[in-house]
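Notes follow once the structure below has been shown.
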Amino acid sequence: MSRKPRRRLVICICGMAGSGKSTVGKRVAEHYGLKYYSGGDVLKAMAIEEGYASKDRGWWETSEGLKFLEQRAGDTSYDRKVDLKLLEIAEKGNVVLDSWTMPWLLKNEGFKIWLEASLETRAKRVAERDGITLKEALEALRKKEERTKRIYAALYGFKLGEDFTPFHAIIDTENLTIEEVCQTVITLIDKCFLNTDKPNIRV
């Protein structure tokens, strides 16, 4: 009697900047012994190759990051290359993807979670993380999100931060610690992805 093949895990963590998606993605990957890949990190590496200065955290909210966003808006090859690479990675399985596009491009593959928080809350988190003022964080996030949304609407036709159709769960992180968010995500994956059918859930 043949054994059922082991289930291939593909988990997508998505959310706007400051929602905690990168931290949660890395911790979820560590918890399940999976590999973690960030679309933003791949794009940043491309920017560095183009001669942009970079730093470890908060680069996308800097003038350099926003300038690269404008360049991407005029040349979709950057995003297409990243997305093709992430699709290849997803095909192999056993990964956590921190990506704005994969929830749509993977169609019915994987378990997809959106982390929700207000612009003000996310700006406070970014300001604390990057050592900038709340006003600077708000301005940077507004510019970044407006330009990013335009790129994906033109490239793939979805409205980032407005269209939640692909997601199996939406978690409001507004009043949760990062530890609480991680535990909630892990519980959802255990109960709704690994053991049962996948309902649409809002926590």
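Seen against the Cα atoms of the chain and their longest principal axis, helix 21-32 is set at about 30 degrees.
Would you order Met16, Met102 from fewest to most other beta-carbon atoms within 10 Å of each residue's own beta-carbon?
Least to most surrounded, the residues fall as Met16, Met102.
Of the GluC sites (Glu not before Pro) found in the stretch 75-128, the ones in coil according to DSSP and having at most 16 other Cβ atoms within 10 Å of their Cβ are Glu109.
When you filter the trypsin sites (Lys or Arg not before Pro) in the stretch 65-120 for DSSP loop state and at most 14 other Cβ atoms inside 10 Å of their Cβ, you are left with Lys107.
Distant-in-sequence amide contacts of Glu116, defined by a placed amide H-H separation under 5 Å and a gap of 5 or more residues or a different chain, comprise Ile171, Asp172, Thr173.
Between the helical axis of 63-74 and the dominant principal axis of the chain, each derived from Cα atoms, what acute angle in degrees is found, rounded to the nearest 10? Relative to the chain, helix 63-74 is tipped by roughly 70 degrees. Taking 7 Å steps out from each Cα toward its Cβ at Glu136 and Ala153 produces label points 2.9 nm apart. Each of Thr173, Thr62 was scored by other Cβ atoms within 10 Å of its Cβ. Listed from fewest to most, they are Thr62, Thr173.
With a Förster radius of 22 Å applied to the beta-carbon distance between Arg8 and Lys191, the computed FRET efficiency rounds to 0.70. Axis of helix 119-130 versus longest Cα principal axis of the chain: the two differ by about 80°, to the nearest ten degrees. With a ≥ b ≥ c taken as the square roots of the eigenvalues of the C-alpha gyration tensor of the stretch 41-126, please select rounded if a/c is under 1.5 and otherwise prolate if a/b is larger than b/c or oblate if it is not? Here the stretch 41-126 falls in the oblate category. Relative contact order for the stretch 82-203 using alpha-carbon pairs under 8 Å, separation at least 6, rounded to a whole percent? Dividing the mean separation by the residue count of the stretch 82-203 yields 29 percent.
Charging the Cβ of each Asp and Glu at -1 and of each Lys and Arg at +1, and nothing else, the dipole of the stretch 70-166 about its Cα centre rounds to 80 debye. Checking the Cα-Cα distances for Lys85/Lys135; Lys92/Lys112; Lys81/Lys191; Lys85/Lys191 against a 25 Å cut-off, the pairs over it are Lys85/Lys135; Lys81/Lys191; Lys85/Lys191.
Our helix-only sum for the chain, with -39,500 (n - 2.57) per DSSP H run of n ≥ 4 divided by its residues, gives a mean residue ellipticity at 222 nm of -15500 deg cm²/dmol.
Exposure proxy for Ile89, Ile186: other Cβ atoms within 10 Å of each Cβ, ordered fewest to most, give Ile186, Ile89.
Among the GluC sites (Glu not before Pro) within the stretch 130-170, those in coil by DSSP and having at most 11 neighbouring Cβ atoms inside 10 Å are Glu162.
Every number here is computed from the coordinates shown, using simple stated rules; none is lab data. Model, not experiment: these values are computed from the prediction. Positions of Cβ are backbone-derived with ideal geometry, glycine not excepted, and every protein chain shown enters the neighbour counts.
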